[in-house]
Amino acid sequence: SLNSRKMRSMPLARRLMALLALLPGGLAEADVHSLLGERGTLTKAKANDAVVCLHHLRLVERRPDRRLRLLTPLRECAKIDVRIVDTDRKRLVERYLELATKGAKIGHADWARVRDEVEAEADNLDPICELVVATSIDYKFLDKALIGLSEFHRISGKGAIESVSRAAALLRGGPPLRRAGYS
């Protein structure tokens, strides 16, 4: 399917698949447009064409809650076989680290404003934080995201916090070295 004529004629579908491979909780259809392209450079129709392409090839399922999701075996294969575009990865990381940071608002007055947004992505927060921990422990917003993620998990019990444990283990050895890419 990845090498089919339909996929080759729709590079956005391949880019969308690379994003979905990193999101075990799936992706809201409404977010496809913003994660695949900067405002003004990608139309909603083209973003929708990418969704339709993957759906026709049976690579993605559309859930009743309007989320797109790769089945786990496909997602694991796509992580290996479909390389994410650097700009897409940057947008994805920034979006989910921001959401994880908002998790720190749980239990505060501001929580009502961000609750739905954070809870909808609870299953994706730790995997994206883990990706950043594994590739760029010194990423500028990672510390706030890990604090927000751990606070959200501590109070709600939703999601996971493996990235927090991994970051703590990596940082016990001393300050991180600057790595290219996300600083």
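Worth a mention:
- Per-residue packing, averaged as other Cβ atoms within 10 Å, sorts the ranges 143-150, 104-111 into the order 143-150, 104-111, beginning with the highest.
- Modelled spin labels at Asp86 and His56, positioned 7 Å past Cα toward Cβ, are 3.2 nm from each other.
- Cβ-based charge dipole, the chain, positive-most Cα from Leu19, Val52, Val132: Val52
- Placed amide H near Ala28: partners under 5 Å, 5+ positions off or other chain: Leu68
- Comparing mean-square fluctuations of Arg166, Arg113, Arg95 from a GNM of the chain with C-alpha springs under 10 Å, the top value falls on Arg113.
- For the stretch 110-136 versus the stretch 1-72, the gap between their alpha-carbon centres in whole angstrom: 20
- Subset of Lys44/Lys140; Lys90/Lys144; Lys46/Lys105 violating a 28 Å alpha-carbon distance limit: Lys44/Lys140; Lys46/Lys105
- Other residues within the sphere of radius under 9 Å centred on the Cβ of Arg69, judged by their own Cβ, net out at +3 (K and R +1, D and E -1).
- Under 14 Å from the Cα of Lys6 - aspartates and glutamates, other chains or at least 8 residues apart: Asp49
- Proximity of backbone amide H atoms, modeled 1.01 Å from N, is registered between Ala160 and Asp126 at under 5 Å, excluding neighbours fewer than 5 places apart on the same chain.
- With every protein chain in place, the chain: carbon and sulfur % of accessible area (1.4 Å): 54
- The chain - charge dipole about Cα centre, Lys and Arg +1 at Cβ, Asp and Glu -1, debye rounded to 20: 560
- Modelled this way, with points 7 Å down the Cα-to-C-beta line, the labels at Lys144 and Lys6 are 4.2 nm from one another.
- Shape of the stretch 4-43, Cα gyration tensor, a/c cut at 1.5: oblate
The values are calculated or read from the model by the stated rules, or taken from the named source; none is laboratory data. These numbers come from a predicted model, not from an experiment. Note: ideal-geometry Cβ built from the backbone for every residue, glycine included; neighbour counts use all protein chains shown. Only protein heavy atoms, including side chains, enter the accessible area calculation; ligands, DNA and RNA are left aside. Shrake-Rupley method; radii C 1.70, N 1.55, O 1.52, S 1.80 Å.
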